[in-house]
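Engineer: Sharing a structure, written as structure tokens. Questions coming.
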Amino acid sequence: MKLHHDFPFPDPADQLTSGFWSAADRLELAIPRCARCLRWVWYPEAVCPTCAEPDPAWTATSGRASLFTWTEVHRALLPEYADWCLTSLRSSRSRRIRRFAWSRGWSVHVRLT
Amino acid sequence: MTPASAWGQPVDLVDLGGSVAIVGIGETSYTGPSGRTGRGLAIEAAERAIADAGLTPDDIDGLTWSAAEPALDEAAFREHFGHRGELFTSAMGGGMTGAAMAPHIAAQAIAEGRATHVLNTYAVAWATERASMTGGPGKGHLTFPEKVNLEVPFGFFPQPIYFAAIARRHMIDFGTTSAHLGEIALACRAHANLNPDAVMHDRPMSMSEYLDSPMITDPLRKYDCCLISDGGAAFVTTSIDRARHLRHPPAVMAGVGLGTSNTMYHWSLQPAFTSTPQQFAAPGAFAMAGIGPDDVDVLTLYDPFTILSLIQIEDMGFCGKGEGGPFVSGGRLRHDGGGLPFNTHGGLLSHAYVLGIAHVVELVKQLRGTAAAQVSGCEVAVYGGYTGGDAATLVLTGDR
């Protein structure tokens, strides 16, 4: 049960990724963008991999996306996810909670458009 | 060679095809939780491989293992065998991609006069370690900061979820079905049923049992996913001239190819989402060996999930991209099916999850004519090793 106590929640102090969580606090979906060549830099990097401009700036996206792929997780793969999956199974008749379960028991990939 | 593309590329390897051969193989028993350690298993496999080659531990002057799971590294080898001589060493061997690269690493050392007999080992006791979650396939992935900060919080972790997402997209793009994936699981199981060493030897499986098995990460079912096992294997590589004076017919390293992905272990970023870097590895290996996909008599693929076998079969050119589903259907993967005999020992799905080293050992048995599910007239044997960020193809042949 070692992982239960060491569960790797995101580190809000992590320099490269903290901007994502600050933007999420403002209800924005942000991705770093190079100020010089305007390319999106994902995953975050300290310098733009295309033109070497430093500090790509966290930039809000429209949030519009298309569904790319998904999986419904039927079995907890880490103990910390067990409640999520149980919620998904237990509440399948309740529309309100089911939406809640979706956000937890599913892994959904979207492509930003 | 495959032209470099935006998401990965082949790595140039020195053409050492035909210069070395695998001359000794050794295995432990393959089991669930055994209470043993990876090191203990690796030592047993090593002792057997050395003896199988007709050598003694003092004859070994080169050692390769995997940095990710160093069951038998230089210190452990010296301590157990009391070996004080010169040792060429590399931590780029072992299992996964390294099981395909180990003969080439040995060939380089032998060509440079730095070694004569090179031992490669890989072993895990992950079934034993599973209860305490101190080992296992997800462990290493928790060391990547991008995963911890941007993937795990959204539940995109670990492997069964990555590859379910890839399988779903392969289904959307190409019409691949669960029954296609089931063909791969059933071929592995049928071969395990013929192989007394396989963990699933006594467990036959029908397509309806496969389809009725519980979903783990939809569309991957329980039997799309590999075992978690204790076990290990080892092999000894030496020069072709030396090999011809040893006990067994040489399994000649005819070709090796290596490919890498620029997005490494971050599958969600991979532009060619339903491909593997095997597409960059296989052409180089086939060119070095002077063969094409049609010449292959038996194929073993690193198969943690059925979908990865299907994709690698496409990536290596056995069929076109997206044609894997129909290609694997109709029993074509069976050892006696007249198609492409595949994972004839049972693979990671039904033999044991020892990360590819047993796949190479199986090819040596096939070339010697001693495999449990023997392919008749086997002369060209190919292993595809995969780690995620890289993949490698190994072509072994009889001494032609």
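Engineer: Which of (1) within 14 Å of chain A (Cβ to nearest Cβ); (2) in a helix (DSSP H, G or I); (3) in contact (Cβ under 8 Å) with a residue 12 or more places away in the chain; (4) surrounded by fewer than 22 Cβ atoms within 10 Å (Cβ to Cβ) does B:ALA76 not meet, given it meets every other one?
Structural biologist: Here B:ALA76 meets the rest and fails (1).
Engineer: Yes or no: segment B:43-59 includes at least one residue that is hydrophobic (A, V, I, L, M, F, W, C) and surrounded by fewer than 18 Cβ atoms within 10 Å (Cβ to Cβ).
Structural biologist: Checking segment B:43-59: at least one residue is hydrophobic (A, V, I, L, M, F, W, C) and surrounded by fewer than 18 Cβ atoms within 10 Å (Cβ to Cβ).
Engineer: When you scan segment B:99-199 for helices (runs of 4 or more DSSP H) that lie fully inside it, which ones turn up with 3 or more residues that are more than 10 Å from every other protein chain (Cβ to nearest Cβ) and crowded, with 19+ Cβ neighbours inside 10 Å?
Structural biologist: Correct list: B:126-129, B:178-194.
Engineer: Restricting to segment B:67-80, count the residues that are within 25 Å of B:ARG242 (Cβ to Cβ) and either among the hydroxyl-bearing types (Ser, Thr, Tyr) or touching a helix residue (DSSP H, G or I) at 6+ places or on another chain (Cβ under 7 Å) (or both).
Structural biologist: 2
Engineer: Here's another thing I want to ask about it. Counting just the residues of segment B:311-327 that are hydrophobic (A, V, I, L, M, F, W, C) and out of contact with any strand residue (DSSP E or B) (no Cβ under 8 Å at 6 or more places or on another chain), which one comes out surrounded by the most Cβ atoms within 10 Å (Cβ to Cβ)?
Structural biologist: B:ILE311
Engineer: Still on this structure: Looking for something closer than 16 Å to B:ARG189 by Cα and in contact with a helix residue (DSSP H, G or I) (Cβ under 7 Å, 6 or more places away or on another chain) - is there at least one such residue anywhere in segment B:320-329?
Structural biologist: Yes; the residues of segment B:320-329 include at least one that is closer than 16 Å to B:ARG189 by Cα and in contact with a helix residue (DSSP H, G or I) (Cβ under 7 Å, 6 or more places away or on another chain).
Engineer: Do the conditions hold for B:THR370, that is, is it surrounded by fewer than 24 Cβ atoms within 10 Å (Cβ to Cβ) and either in contact with a Phe, Trp or Tyr (Cβ under 7 Å, 6 or more places away or on another chain) or closer than 20 Å to B:MET96 by Cβ (or both)?
Structural biologist: no
Engineer: What's the total number of residues in segment A:17-54 that are modelled with pLDDT under 95, acidic (Asp, Glu), surrounded by 12 or more Cβ atoms within 10 Å (Cβ to Cβ) and over 16 Å from B:LEU269 (Cβ atoms)?
Structural biologist: 1
Engineer: Further question: In segment B:360-372, is there at least one residue being under 17 Å from B:ALA254 (Cβ atoms), modelled with pLDDT of 95 or more and touching a Gly at 6+ places or on another chain (Cβ under 7 Å)?
Structural biologist: Among the residues of segment B:360-372, at least one is under 17 Å from B:ALA254 (Cβ atoms), modelled with pLDDT of 95 or more and touching a Gly at 6+ places or on another chain (Cβ under 7 Å), which makes the answer yes.
The values are calculated or read from the model by the stated rules, or taken from the named source; none is laboratory data. Note that the structure is predicted; figures quoted are calculated from it, not measured. Glycine gets a Cβ as well: all are built from the backbone with ideal geometry, and neighbour counts include every protein chain shown.
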